[in-house]
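> One structure follows; several queries about it will come next.
FYI, it's all coordinate maths here, none of it is from the lab. Computed from a predicted structure; not experimentally measured. Here Cβ is always computed from backbone atoms with ideal geometry, including for glycine, and neighbour counts include all displayed protein chains.
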Amino acid sequence: MSKKILLSGVKPTGRAHIGNYFGAMKQFVHLAHSGAYHCFVMIADYHALNFIQNKEEMQKVIYELALDYLAIGLDPEKVVIFKQSDVSAHTELAWIFDTLVTMPYLMRAHAYKDAEAKNKELSVGTFNYPVLMAADILLYGTQTVPVGQDQKQHVEYTRDIAQKFNNTFGETFTLPEELIITDPHIAAVPGTDGRKMSKSYNNTIPLFASREEIEKVVMSIVTDSGSDIPANVHAIHRIVSDELHRSAEEFNTMYDANKGKYQALKKLLIDDLDAFITPLRDRRAELAKDPQRVVEVLKRGAEKANERAQAKLMQAKKAIGVL
Ligand code: ADP
Ligand code: TRP
């Protein structure tokens, strides 16, 4: 049985948090190592350029994201890890698609409407975001795109764009399917203020936090006095406890024994978070000793990605009549 082609992109936009881990990264590593797919993981730096316009910060977030994925166990021998900007076929194909895609169609995208509601002076790059994403996906003959629920529409757009190209110029692109990877039991990991954990709310627990950071952030979790169990602490702890393979009975017993003792419960959460994070943090620190290795991984990934992407771009250029 031949392996399916899987591609996912991750935007480097800041420090990963445990919401990203439980909601997406963990499932992604499982899928990538399942043996069922030929996998590509792309650091979407050209997408991020819409948000990060500072040289040092860009360099930092790219490196940190690559390190994060290696630290959670993604094996570069099994998965092609590369940067979008290293494969110029992405922007080239995006231009070709730009000539086929209409403005009213892009204006209907949720992400565009949300961004526009917040800021009227959007960059053309933000408007075009789904077109570049379609190029990312279609260049590799991708069949499966693992994403969170919020990215479903982008994959639908990708299918539409592929279909339109194929109808206009002949069969060239494979139509991809999204695979929603969010664990239904953990649809949204709550943040320290009880809202969904998100970088944009400043309520995160960083995935590679130090013990001191864990203590500080857990102490800042908002608790509503009056109930026996602090709801926010409980909700986060439940997820971490499962990760440590503690049974539901044991977990409940722990909370029963500490009814009303908010400080004690927070202390228990700190210990569990530290037990979960320590191996990840140690692995990341080990990898960070050799930054050249990250450079090599991305370089090797770019070579492999370019090989495949160029072949598909040539096919598209022939189809449109410029080659
Ligand atoms: P943020 O909201 O912090 O900017 P992103 O939008 O970059 O996070 O999300 C990256 C991935 O992590 C997405 O696939 C998203 O579904 C997942 N994710 C983000 N926050 C959470 C959360 N609180 N709970 C579960 N999954 C999350
Ligand atoms: N838009 C995705 C996000 O914000 C990132 C992304 C860029 C992507 N290109 C992709 C995801 C290709 C899947 C496939 O999370």
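> Mind putting a number on the dipole of segment 133-187 about its Cα centre? Charges go on the C-beta only, +1 for Lys and Arg and -1 for Asp and Glu, and I need it in Debye to the nearest 20. If you can, show how the numbers build up before the last one.
Values: 3 positive and 8 negative charges, 27 e Å.
I would put it at about 140 debye.
> Select from H245, M107, L7 the residue farthest towards the positive end of the dipole of the chain; place +1 on Cβ of Lys and Arg, -1 on Cβ of Asp and Glu, and compute about the Cα centre.
M107
> So, with +1 on the Cβ of K and R and -1 on the Cβ of D and E, and no other charges, what is the size of the charge dipole of segment 40-132 about its Cα centre, to the nearest 20 debye?
320
> Further question: Based on the mean of other beta carbon atoms within 10 Å per residue, what is the order of 208-216, 282-290, 10-18, most packed first?
Values: 208-216: 16.2, 282-290: 13.2, 10-18: 20.4.
The most tightly packed comes first, giving 10-18, 208-216, 282-290.
> Now, a different point. Summarise the long-distance tail of P(r) for the chain by giving the % of C-alpha pairs beyond 33 Å.
Numbers: 16797 of 52003 pairs.
So the pairs more than 33 Å apart make up 32 percent of the total in the chain.
> Further question on the same structure: Just want to confirm a number: the relative contact order over the chain, from Cα pairs under 8 angstrom separated by 6+ residues, in percent. Can you show the working numbers first?
Values: 446 pairs, mean separation 76.0, N = 323.
Across the chain, relative contact order equals 24 percent.
> Just going by the charge dipole of segment 159-210, with Lys and Arg at +1 and Asp and Glu at -1 on Cβ, which of N203, I180, N167 is farthest out on the positive end?
So the residue furthest toward the plus end is N203.
> Further, regarding this structure: Aspartates and glutamates within cross-link reach of K267: Cα-Cα under 19 Å, excluding same-chain residues under 8 positions apart?
D193, E212, E213, E215, D224, D228, D242, E243, E250, D256
> Separate question: Based on alpha-carbon centroids, what's the gap between segment 260-323 and segment 22-41 in Å, whole number please?
For segment 260-323 versus segment 22-41, the Cα centre distance is 11 Å.
> Full-extension gain between K113 and R15, please, as 0.36 nm times their residue separation minus the C-alpha to C-alpha distance. Provide the component values of the computation, followed by the final result.
Numbers: separation 98, 0.36 × 98 = 35.28 nm, distance 2.60 nm.
Between K113 and R15, full extension yields an extra 32.7 nm.
> Just report the Cα centroid separation between segment 191-256 and segment 42-96, whole Å.
31
> Further, regarding this structure: Quick query: amide H of K196 versus all other amide H atoms, modeled in the peptide plane; which residues come in under 5 Å with a sequence gap of 5 or more or a different chain?
Those lying under 5 Å, H to H, from K196 are G191.
> What is the packing order of peptides 63-72, 293-302, taking the mean over residues of other C-beta atoms within 10 Å and listing the highest first? Walk me through the intermediate numbers first.
Working: 63-72: 21.3, 293-302: 17.1.
Ranking, from highest mean packing down: 63-72, 293-302.
> Per residue of segment 100-106, what does 6.51 cos²θ - 1.76 cosθ + 1.60 with θ = phi - 60° give for ³J(HN,Hα)? Whole Hz please, x for Gly and Pro, Karplus curve as stated.
So the J values, rounded to whole Hz, are 9, 8, 8, 5, x, 5, 5.
> If you don't mind, there's one more thing I want to ask. Take every DSSP beta bridge with both residues inside the chain and express the antiparallel ones as a percent of the total, to the nearest 5.
Within the chain, antiparallel bridges account for around 10 percent of the total.
> Among L280, V295, M314, whose Cα projects farthest towards the positive end of the dipole of segment 271-321, with charges put on the beta-carbon of Lys, Arg (+1) and Asp, Glu (-1)?
M314
> When the helix-only estimate is applied to the chain (DSSP H runs of n ≥ 4, each -39,500 (n - 2.57), divided by the residue count), what is the mean residue ellipticity at 222 nm, nearest 500 deg cm²/dmol?
-17000 deg cm²/dmol
> What pairs in K3/K196; K113/K289; K199/K289; K83/K113; K196/K259; K11/K120 have C-alpha atoms more than 31 Å from each other?
Values: K3/K196 35 Å; K113/K289 43 Å; K199/K289 27 Å; K83/K113 28 Å; K196/K259 25 Å; K11/K120 22 Å.
Beyond 31 Å: K3/K196; K113/K289.
> Additional query: Which order do the peptides 239-249, 92-102, 125-135, 33-43 come out in when sorted by mean C-beta neighbours inside 10 angstrom, highest first?
Descending packing order for the listed peptides: 125-135, 33-43, 92-102, 239-249.
> Under unit Cβ charges (Lys, Arg +1; Asp, Glu -1), what dipole magnitude, rounded to 20 debye, does the chain have relative to its Cα centre?
Dipole about the Cα centre, nearest 20: 540 debye.
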